[in-house]
Amino acid sequence: MNRRKKSKIILVIIVAFVLLIMISGSMITDEMLAPDFSQKNQLPSLKHFFGTDWLGRDMFLRTIKGLQNSIIIGSIASLISSIIALIVGGLAGTMPKWVDHIVRIVIDLVMGIPHLILIILISVLAGRGVRGLLIGIALTHWTSLARIVRSEVLQVRNDHYVLVSRRFGKSNFYIFKEHMIPIVLPQYIIGLVLTFPHAILHEASVTFLGFGLSPEAPAIGIILSESMKYLVNGVWHLAFFPGLSLVLLVLLINKLGENLSLLLNPYLARE
Amino acid sequence: MKRPLLEINNLSVGFRMNGSKQKQSWAVNDLSIRAYPGEILTIVGASGSGKSVLASAILGLLPGNAISSGEIIYDGKNVDKELLNKLRGEEITFIPQSISSLDPLVKVGKQVRNFASDDETIKKQRKIFKEYGLNRSVEKTYPFQLSGGMARRVLISTTVMKNPRLIIADEPTPGLDIQSAKKTMDYFKNYAKKDKAIILITHDIDLAIHYSDKLAIFYGGQIVEITKAKYFHQGIQYLKHPYTRALYRSLPTNGFKPIPGSQPIPDKDDQGCIFRDRCECKVQICDSSVNTQKFEDEMVRCNVDFTSEKYRLPV
Amino acid sequence: MNITHYIIKNFMKMILLIVLVSVVTFTLAVNSPIDPIRQYIGTGTVTDDQRDSIEEYWGLNDTKAERFVKWSTNLLHGDFGDSIIFRKGVLSVISEKAGSSLFLMLSTFTLTGILGYIIGLFMGRFRDSIGDRILKSICITFSATPTFWVGMLMLIIFSVKLGIFPIGFSMPIGVRADEVNIFDKIYHTILPALTLTLVFIPNIALHTRSKVIEVLESDYVLFAKARGESQKSIMKNHVIKNTVLPAITIQFGSFSEIFGGSVLAENVFSYPGLGTTIVTAGLGGDIPLLLGITIIISIFVFIGNFIADLLHLFINPMIREEEI
């Protein structure tokens, strides 16, 4: 089968899968997540795919809901990040040299502080909770994408048709919009898709540590941090399955990014 | 007649593209040549037409995505991986085109000695460097510090360190001044006299006709004619293949006349003559088949009948 | 570019970054909508003396600029303020906790570096073999796995099911701190270090792998083979020589990631180091401590990046030779 065709099919499957999680997540009512003390701490079975927790809540449903939350937060944060990246990278590439210098220093700065620590810092200072978390993640993930945008823009900037445009007196903004965006867009989209899994992982990590969503909302991080208490007593299924689902989701999205990159950028087809 | 040291029969080399099993491109298509001891055989063809692939094929160093068919016979034996491993660097040596064939992080002397550190090897290396006018300090330099001429001499000395029976040299003289080029070619000539076989690969026709014994004309992945170098000095009527004649006419001393068009990409499924689209002698049959004619130690792949009276037989 | 010129330029960049980190974190702190300092003072758990000294340190009644000047001067003197939770100097809290963290990081750094390089060598050399493909999948999988979950798996497997390793902390419970010997420390560090190693080996292994492949496909390795060099000689004299420095450079450049990972690992194993401290500080709103740790860790990262940049320099013999 043609490689391109294969990539497109994989793409569709993964997107469908993610949508499936989103849709089923919304269909899960509070009732379905309610405690049922008669079913405490059960191992996985046909009735409860991932088993139940100490309150008798179905772990599978909680996990789906948690994944849905992660996807939502991850998407919003990635989107904001990517917009920041686009602006910053675009500025660096089109404005005079000194702007580029400043941008490079800022990127080095933000990349230097370990993501996790910075996210904790920002989310604490922004007032904890979901909002703080979102701001924290958004403000840390724009750097690599900004670098990509910047280098693409710089490359295009010196190409002939841009120089001609400039001769005609077109403004920097016009050049950015009409010439650069079409070239930069493919890399940008791929970068965006690849930022997404990082955002999700960081969201889970920070929530796990206690800085994100409230303990009631089912987020993967919360589910896992709560399961820690039971871990030491040998109850392992509470941690194993939700975590595994998260890993699968991240792997799938990475695969999505890979295939997208194959489709949009044929030079990378070889390894 | 002498026995050839190296015999290549119907060699085809192609490459799989981008990990897919279907797409392939061919660099060499049904190529046959013979290298005899005491002779310099030069493979002449346009730059980048796949001649270097031939060198890799002979040495058994084709990359992983290469597919090849045909046979290579050395000293009467069919070569296989094991045999080549023993021959490489000892009986068969290779002189590459450029300095990029030397490890940029390793001192030149070490590489020429193949990392051997015994006194005998070191003495030999120093003697050879001296012979080629390379200062003692050169052995401690890095490749990037060498000038074009020095680099060439260093590459040649890797072969001189050994005593090969067959030397394959890929573009031995580009970028060299006349003196150095002459010196290099003289070395080959002298070496060949000791009953060794040398295969040169070059696009420099002028060089080829002045220093070789035989020329193999490479076109479209094939050898279209194997002829004697001296014919180029005796006159165009001794050259057979239309492409060879076109090469003759293209030389500055002979009018510098090019022919229109460019080399086609080899296609394994095409049974017709590879040169037919640019040939002045083309006839109907050239589209579907081509005749391989052998005369003693010459060869030509053409449908024109060279046995008729129109051609003077070589002396 | 001249070698000294390059070193100085990068050094200045490092200093600039360290300065900027302080500026940015400070600005974030004082512009935060919750103004944690005031909050803390308002809770009434501080004595008047303490309140005065805190106000003095943070300059709550001065302008922002004045506050920054005051704060940075304090920083340069090593005064990072007092930790709200621990009720003593931030720097002293950090230096107490840093020991264990450093031990963990050092072991992780060395283990991932050495193992990661060897695995990368293997994968590159035996490219597309079954071993390579399996290792590649494992690497890709671990890159997608959150550090803390790997830690939890380790706990499940080794501590709970097999009972081999302790569940956490950095020393046996109930034993006095000065009676703990080095073996106990190592014993408690093994699982967190193992966790981090598993998570961070893929990065360096995959990078090394592609560099090894690049070398094996190069013109000079082709010529080396043509000269009859054995595979062993090629690996030793060409491959390793051309891939070791890049690998080390990457290691130094991944300080940032490893620090982040160790925060998670420490928390999963309740390992008392800077990682758990930072979480305690964050959850407890201990801004001075939080700022202090952020700045100190960032300094380490910037130093690491600086070393990585210098190594880049030494890889290229063209620049090295200019010294002669």
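For the reader, a short list of remarks on this structure follows.
- With respect to the stated conditions, B:T121 fails to be at the interface with chain C (Cβ under 10 Å from one of its Cβ atoms) and part of a helix (DSSP H, G or I).
- Matching residues in segment C:260-284 - criterion: being over 18 Å from C:L155 (Cβ atoms), in contact with a Ser or Thr (Cβ under 9 Å, 6 or more places away or on another chain) and within 10 Å of chain A (Cβ to nearest Cβ): C:G260, C:L274, C:I278, C:A281, C:G282
- B:F275 meets the conditions (1) in contact (Cβ under 8 Å) with a residue 40 or more places away in the chain; (2) touching a Gly at 6+ places or on another chain (Cβ under 6 Å); (3) crowded, with 17+ Cβ neighbours inside 10 Å in every case but one. The failed one is (2).
- If the condition is being small (G, A, S), within 16 Å of the chain's Cα centre (by Cα) and either in a helix (DSSP H, G or I) or farther than 24 Å from C:D184 by Cβ (or both), then segment C:268-291 contributes only C:G275.
- Single unsatisfied condition, B:S137 versus (1) in contact with a helix residue (DSSP H, G or I) (Cβ under 8 Å, 6 or more places away or on another chain); (2) among the small types (G, A, S); (3) more than 30 Å from B:D75 (Cβ to Cβ): (1)
- Going through (1) more than 12 Å from chain C (Cβ to nearest Cβ); (2) under 16 Å from B:T184 (Cβ atoms); (3) buried (at least 19 other Cβ atoms within 10 Å of the Cβ) one by one, B:S147 falls short only on (3).
- C:H238 meets the conditions (1) within 8 Å of chain A (Cβ to nearest Cβ); (2) free of Cβ contacts under 8 Å to residues at least 60 places away in the same chain; (3) surrounded by 22 or more Cβ atoms within 10 Å (Cβ to Cβ) in every case but one. The failed one is (1).
- Qualifying position, being within 12 Å of chain C (Cβ to nearest Cβ), among the polar types (S, T, N, Q) and assigned to a helix (DSSP H, G or I), among B:S180, B:S100: B:S100
- Selected residue (criterion: modelled with the highest pLDDT) from residues of segment C:37-95 that are more than 26 Å from C:L20 (Cβ to Cβ) and among the hydroxyl-bearing types (S, T, Y): C:S53
- Criterion: surrounded by fewer than 18 Cβ atoms within 10 Å (Cβ to Cβ) and touching a helix residue (DSSP H, G or I) at 6+ places or on another chain (Cβ under 6 Å) - qualifying residue of C:L313, C:L283: C:L313
- Screening A:S70 with (1) surrounded by fewer than 23 Cβ atoms within 10 Å (Cβ to Cβ); (2) within 12 Å of chain C (Cβ to nearest Cβ); (3) closer than 30 Å to A:A34 by Cβ; (4) at pLDDT 85 or above gives one miss only, at (1).
- Boolean, A:M27 is surrounded by 13 or more Cβ atoms within 10 Å (Cβ to Cβ) and either of a type outside the set (V, I, T) or farther than 20 Å from A:S245 by Cα (or both): no
- Among the residues making up segment C:250-270, those that are farther than 27 Å from A:E226 by Cβ and in contact with a His (Cβ under 8 Å, 6 or more places away or on another chain) are C:I250, C:S256.
- Residues (closer than 28 Å to A:P186 by Cα, within 11 Å of chain C (Cβ to nearest Cβ) and either in contact with a strand residue (DSSP E or B) (Cβ under 9 Å, 6 or more places away or on another chain) or surrounded by fewer than 22 Cβ atoms within 10 Å (Cβ to Cβ) (or both)) located in segment A:79-134: A:H101, A:I102, A:R104, A:I105, A:V106, A:I107, A:D108, A:L109, A:V110, A:M111
- So C:I324, is it out of contact with any Lys or Arg (no Cβ under 8 Å at 6 or more places or on another chain) and either at pLDDT below 85 or more than 14 Å from chain B (Cβ to nearest Cβ) (or both): yes
- In the condition set (1) away from chain C (no Cβ under 14 Å); (2) surrounded by fewer than 20 Cβ atoms within 10 Å (Cβ to Cβ), B:N65 is compliant with all but (1).
- Sole residue being away from chain C (no Cβ under 13 Å) and either modelled with pLDDT of 85 or more or in contact with a helix residue (DSSP H, G or I) (Cβ under 6 Å, 6 or more places away or on another chain) (or both), chosen from A:I223, A:I190: A:I190
- Considering segment C:196-228, the residues that are in contact with a Gly (Cβ under 7 Å, 6 or more places away or on another chain) and not in a helix (DSSP H, G or I) include one that is nearest to the other protein chains (Cβ to nearest Cβ), namely C:G228.
- Meets criteria (among the acidic types (D, E) and more than 10 Å from every other protein chain (Cβ to nearest Cβ)) for C:D309: yes
The values are calculated or read from the model by the stated rules, or taken from the named source; none is laboratory data. In this text the structure is predicted, and so the values were computed from the model without any measurement. Don't worry about glycine lacking a Cβ; one is built from the backbone with ideal geometry, like all the others, and counts go over all protein chains shown.
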